[in-house]
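Asks: The structure is given below, and queries will be raised subsequently.
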Amino acid sequence: MLKYTFLIGWLLISHTIHAQEKIENGTYITTNKLQYITIKDDFQFTYILHRGYSPYMIKEQRKKEKTSRACGVVGYIADLYGNGTYHILDGKLFLAFKIDYLSSREIDKRLIEGYVFEISQLEKIEE
């Protein structure tokens, strides 16, 4: 009987750990609403950091406004853009960017260092 209790406990713990080690494909936004992470197949991702405001912030602001807009265009400035591979460990998403060292453009230090996010702090959004 103790053997079955141990087996069931082990299965529950391993299932919980395995569930934390996955993230669905799709677009996620961080708590500051400026960083977009798109999770793709084969552990690939794209990343955009907006400066000042993001499409999500403007969309939410327009939902709160009572009057509809007949026209108007909003321009977005990307402070940082990149792609690469990710891995998950202990409920954290680690982003490792692909860097073209042969490129003539200056390489942003943030791309070299990569980023780490708590998966629980990411919100999946529809685009």
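The values are calculated or read from the model by the stated rules, or taken from the named source; none is laboratory data. Note that the structure is predicted; figures quoted are calculated from it, not measured. As a convention, Cβ positions derive from the backbone with ideal geometry for all residues, glycine included, and neighbour counts pool all protein chains shown.
To keep it simple, each residue is scored yes or no on (1) out of contact with any helix residue (DSSP H, G or I) (no Cβ under 9 Å at 6 or more places or on another chain); (2) free of Cβ contacts under 8 Å to residues at least 12 places away in the same chain; (3) not hydrophobic (A, V, I, L, M, F, W, C).
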{"residue": "E24", "(1), (2), (3)": "yes, no, yes"}
{"residue": "T30", "(1), (2), (3)": "no, no, yes"}
{"residue": "L34", "(1), (2), (3)": "no, no, no"}
{"residue": "I39", "(1), (2), (3)": "yes, no, no"}
{"residue": "H50", "(1), (2), (3)": "no, no, yes"}
{"residue": "Y56", "(1), (2), (3)": "yes, no, yes"}
{"residue": "K59", "(1), (2), (3)": "yes, yes, yes"}
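Asks: May I pose another question? All but one of (1) more than 23 Å from I39 (Cα to Cα); (2) of a type outside the set (A, V, I, L, M); (3) at pLDDT 85 or above hold for E123; state the number of the condition that does not hold.
Replies: Condition not satisfied by E123: (1).
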